[in-house]
Amino acid sequence: MPNLVVKLYSVFFKYRQKHLLQTLSQSCLTDQKPSSSFGVSSRPHESIAASNPSFTDGVATKDIHVDPFSSLSLRIFLPDTAVTSPLPSTHDYGGYLPPPGKFHRKLPVMLQFHGGGFVSGSNESAGNDAFCRRIAKLCDVIVVAVGYRLAPETKYPGAFEDGTQGSELVSKTV
């Protein structure tokens, strides 16, 4: 059974999230200026981790903005085992081309959608970045994190459409 501190934290966390959602809903309804046609893909109060193409902690990251007219973006996490393998290959990893003479190999791809109930979070958030880095390194896979439009600015099928478009793009390139 959880102790009193855990119960209180849970109550305050739920209250804070409910208040945040109500504030976002109110701002969408009272906002008279025209909103962008593609919606919001991250919240200003969430910490963002910048992409880093060098192999920091054994994983390199790269951001790809799929469409300039939408907020759909992908963040690719490439573990360093792809470029330090003893198996020869000539595959270009889209900006991560190892120097000639070095060996590299193909890895499986994992498609990742961040949590947050389609209301918060992003593929660039610090928590999601740490999670994807860990999965890429421990499981030895290339992780592709999809960034999609968030509610309440974007109505119901928006996030699913972005996720479908991102997964189709990944399946075509792999």
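The values are calculated or read from the model by the stated rules, or taken from the named source; none is laboratory data. Quick caveat: nothing in here was measured; it's all calculated off a predicted structure. Every residue, glycine as well, gets a Cβ built from its backbone with ideal geometry; the counts of neighbours run over all protein chains shown.
Observations on the model:
- Residue in segment 19-37 that is surrounded by 10 or more Cβ atoms within 10 Å (Cβ to Cβ), of a type in the set (Asp, Glu) and at pLDDT 75 or above present: no
- Hits in segment 49-60 - residues which are outside any loop (DSSP other than H, G, I, E, B) and modelled with pLDDT of 85 or more: VAL59, ALA60
- When ASP67, ASP63, ASP80 are screened for being at pLDDT 85 or above and closer than 28 Å to TYR156 by Cβ, only ASP63 passes.
- Positions within segment 143-174 being outside any helix (DSSP H, G or I) and either under 12 Å from the mean Cα position of the chain (by Cα) or surrounded by 13 or more Cβ atoms within 10 Å (Cβ to Cβ) (or both), in sequence order: VAL143, VAL144, ALA145, VAL146, GLY147, TYR148, ARG149, LEU150, ALA151, PRO152, GLU153, THR154
- Extreme residue, nearest to THR81 (Cα to Cα), among residues of segment 105-142 that are crowded, with 18+ Cβ neighbours inside 10 Å and among the acidic types (Asp, Glu): ASP129
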